[in-house]
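First comes the structure, then the notes that go with it.
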Amino acid sequence: MLKKMSKKGSIIVISAPSGAGKSSICDALVRSDSGMVNSVSCTTREPRNGEKNGTDYFFTAEKVFKSMIKGKKFAEWAKVHGNYYGTPKSFLEKTVKAGKNILLDIDVQGGINIKKQYPDACMIFIMTPDFKTLKERLIARNKDSRQTIKIRLENAKKELEFLGKYEYLVINDKLPEAVDAVRTIIKSQKYKIKKTINN
């Protein structure tokens, strides 16, 4: 039993307001550690240039996606801008059984849904030192209009209301330090006594 537990990976939920750097942190962790993988979601939207099925997303017909919803095949799912997105349970559980830590870069609602189904999932929230820094980063990346930035900042305030649902808060002031902090948290999951996925 002890040997079996030690070989399992962990589900790591990483949520953050837009611009706080969660995707950069996840990418850095995956690049530096072969034992970590990004979760691959199903989506009904069309592939963009350069995207690969099974690597970026599992591109799925809407009829198939809806069938998967009815069959309760998703750990969490949502409809965004007319397209469906969902985290397949099979991918999560297969990855964890293989001893890999799986990173879920998802919003707070998705994170809470994951935690309900997988109580042993590790919940990490990423935030900038303050809202001024968050606004500066959103402006610097030059992707959004002023109105969109205003909306993203308002959404960030709402997302922070869910902070109590998370176990760890990492302030992304300097990216390398934030990556190290998240890596340390993830490493600690290996020593948890209870593992709830198909024990």
For S24 the rounded accessible area (nearest 10 Å², probe 1.4 Å, non-protein molecules ignored) is 60
Springs between alpha-carbon atoms under 10 Å, Gaussian network over the chain: tell me which of I185, I151, I106 tops the mean-square fluctuations. I151
With θ set to phi - 60°, apply the Karplus curve 6.51 cos²θ - 1.76 cosθ + 1.60 along segment 119-126 and write out the HN-Hα couplings as whole Hz, x wherever there is a Gly or Pro. x, 8, 4, 8, 10, 10, 10, 10
Need one value: the accessible area of Y118 in square angstrom, 1.4 angstrom probe, rounded to the nearest 10. 20
Once you've got the GNM for the chain with C-alpha springs shorter than 10 Å, pick whichever of P17, P88, P129 has the biggest mean-square fluctuation. P129
Name the long-range amide H neighbours of E76: under 5 Å, sequence gap of 5 or more, or other chain; modelled H, no Pro or chain starts. T87
If you keep only loop residues by DSSP, which trypsin sites (Lys or Arg not before Pro) in segment 61-108 have at most 14 other Cβ atoms within 10 Å of their Cβ? K72
For segment 96-180, with equal point scatterers placed on the C-alpha atoms only and solvent neglected, what are the log10 I(q)/I(0) values from the Debye formula at q = 0.12, 0.24, 0.27 1/Å, to two decimals? -0.44, -1.29, -1.40
Would you mind telling me the share, in percent, of accessible area of segment 2-108 contributed by carbon and sulfur at probe 1.4 angstrom? 50
Rolling a 1.4 angstrom probe over the protein chains, ignoring ligands and nucleic acids, what is the accessible area of S32 in square angstrom, nearest 10? 70
As a check on your grasp of the helix formula, calculate [θ] at 222 nm for the chain: sum -39500 (n - 2.57) over DSSP H runs of n ≥ 4, divide by the residue count, round to the nearest 500. -13000 deg cm²/dmol
With the contact rule set at Cα under 8 Å and sequence spacing of 6 or more, what percent relative contact order holds for the chain? 32
Once the mean 1/r over all distinct Cα pairs of segment 1-113 is inverted, what Kirkwood radius in angstroms do you read off? 15.0
What is the Cα coordinate range of the chain on the first, second and third principal axes, sorted by size from largest, in whole angstrom? 53, 41, 32
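The values are calculated or read from the model by the stated rules, or taken from the named source; none is laboratory data. All values reported here derive from a predicted model rather than from experimental measurement. We place every Cβ from the backbone using ideal geometry, glycine too, and count neighbours over all the protein chains shown. The area values use the complete protein model at the heavy-atom level, side chains included, leaving out ligands, DNA and RNA. Shrake-Rupley method; radii C 1.70, N 1.55, O 1.52, S 1.80 Å.
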